[in-house]
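The next block holds one structure in the form of structure tokens; read it before the comments.
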């Protein structure tokens, strides 16, 4: 008995993707409140921002639990994360914040132009020890946790630093750890870009060699 075909429109409304839409809405709300020129409430912005990021695990869990994993959902998940972080980078640093946005978008292009998840797995097989240590067990290590924390929360920390609120020593002490985590993330990102560019060059060289070989055969 064959299973009924799935309408492509249904993919848009799979539960993991619905969670992503909700996350995007929350992220937009947090960024809008942070941008609001008349005394934005740092506590409210922080709660909404962190809650939106905390839902990141939920869409992945639902995708696995409900067998609703999809390429669209994987790309949407990354784009929502990049949008929220990127917006906060720009609010925190202004024009220099676009550097972080640009790097994340280049990494997204690299990982999703060559099979998405499969590419990200194969990419780290020959990675330097530091990059491999960060990525080990899907970030489930102290080094991975620091990296994820820096990736997600450094832009928020920098934005909060600019607010006129009185900052506690605990808040200030988080800064070096978040900066370290983001530096580790940059190391991974640059490795991904380098590995993908090298792969493309090798593929192009092989394709050109094959094209020349066929051209020589035709001439003969």
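Residue-wise test of (1) surrounded by 14 or more Cβ atoms within 10 Å (Cβ to Cβ); (2) out of contact with any helix residue (DSSP H, G or I) (no Cβ under 6 Å at 6 or more places or on another chain); (3) more than 21 Å from residue 34 (Cβ to Cβ).
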| residue | (1), (2), (3) |
| --- | --- |
| 107 | yes, no, yes |
| 152 | yes, no, no |
| 161 | no, yes, no |
| 182 | yes, no, no |
| 198 | no, yes, yes |
| 206 | no, yes, yes |
| 215 | no, yes, yes |
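All but one of (1) surrounded by fewer than 13 Cβ atoms within 10 Å (Cβ to Cβ); (2) at pLDDT 95 or above hold for residue 103; which doesn't? Of everything listed in (1) surrounded by fewer than 13 Cβ atoms within 10 Å (Cβ to Cβ); (2) at pLDDT 95 or above, residue 103 misses just condition (1). Within the set of pairs 6 or more residues apart or between chains, which connect a residue that is touching a residue at least 12 places away in the same chain (Cβ under 8 Å) inside region 62-87 to a residue that is surrounded by fewer than 19 Cβ atoms within 10 Å (Cβ to Cβ) and part of a loop (DSSP other than H, G, I, E, B) with Cβ atoms less than 9 Å apart? Close Cβ pairs (under 9 Å, with a partner that is surrounded by fewer than 19 Cβ atoms within 10 Å (Cβ to Cβ) and part of a loop (DSSP other than H, G, I, E, B)) amount to 62/68; 63/69; 63/70; 71/116; 74/116; 75/116; 76/70.
For residue 192, are the conditions met, namely being farther than 28 Å from residue 40 by Cβ, surrounded by 16 or more Cβ atoms within 10 Å (Cβ to Cβ), at pLDDT below 95 and out of contact with any strand residue (DSSP E or B) (no Cβ under 8 Å at 6 or more places or on another chain)? Judged against the criteria, residue 192 is a match.
The values are calculated or read from the model by the stated rules, or taken from the named source; none is laboratory data. Just so it is clear, the structure is predicted and the values come from calculations on it, not from any experiment. Virtual Cβ from ideal backbone geometry, glycine too; neighbours counted across all protein chains shown.
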